[in-house]
Every structure is written in structure tokens, then in C-alpha cells.
Amino acid sequence: MSDDETSDLETAVSDFLDGADAVYEDYDRGYTDADAALHVLESHLTDLREAYDEEAA
């Protein structure tokens, strides 16, 4: 595993956590409904899984 792969995965995790926090904040403030929040979280999870799969390959 190269430093680039580790960095890519770490970046993906950081991006996911930031995105998830933003979704929760928007939901708590009433800016988005539950369905929209789940859709955005699903998108962030997809990105995280893709980064993990690339690192594992």
C-alpha cells in the first residue's frame, strides 16, 4: 500500500465525517427532511465505500 492510497482513504473518511455532520446539522435545524438527509448520507457512504474498495484492490 502506498502513501497515496492511505491518504486517499483517510481523505475519504474525513470527507464522509464532515458530510455526515453537515447532514445532521441541516436536519436538526429543519433545513432538510429525513428522506433527503438519508439520501445525502447514502451518497456519502457510496463515496466512502468506493474509496475503501480502491484501497483494498
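The values are calculated or read from the model by the stated rules, or taken from the named source; none is laboratory data. Computed from a prediction, not measured in an experiment: that's the story for all the values here. Using ideal geometry, Cβ is built from the backbone for each residue, glycine included, and neighbour counts are taken over all protein chains shown.
Annotation note: Cβ proximity below 6 Å between a residue of segment 20-36 that is at negative phi and a residue that is of a type in the set (Ser, Thr, Tyr) and surrounded by 12 or more Cβ atoms within 10 Å (Cβ to Cβ) (sequence gap 6+ or interchain) occurs for ASP26/THR32. Where residues in segment 26-53 are among the hydroxyl-bearing types (Ser, Thr, Tyr) and either part of a loop (DSSP other than H, G, I, E, B) or closer than 16 Å to ASP8 by Cβ (or both), which of them is modelled with the lowest pLDDT? In this case the residue turns out to be TYR52.
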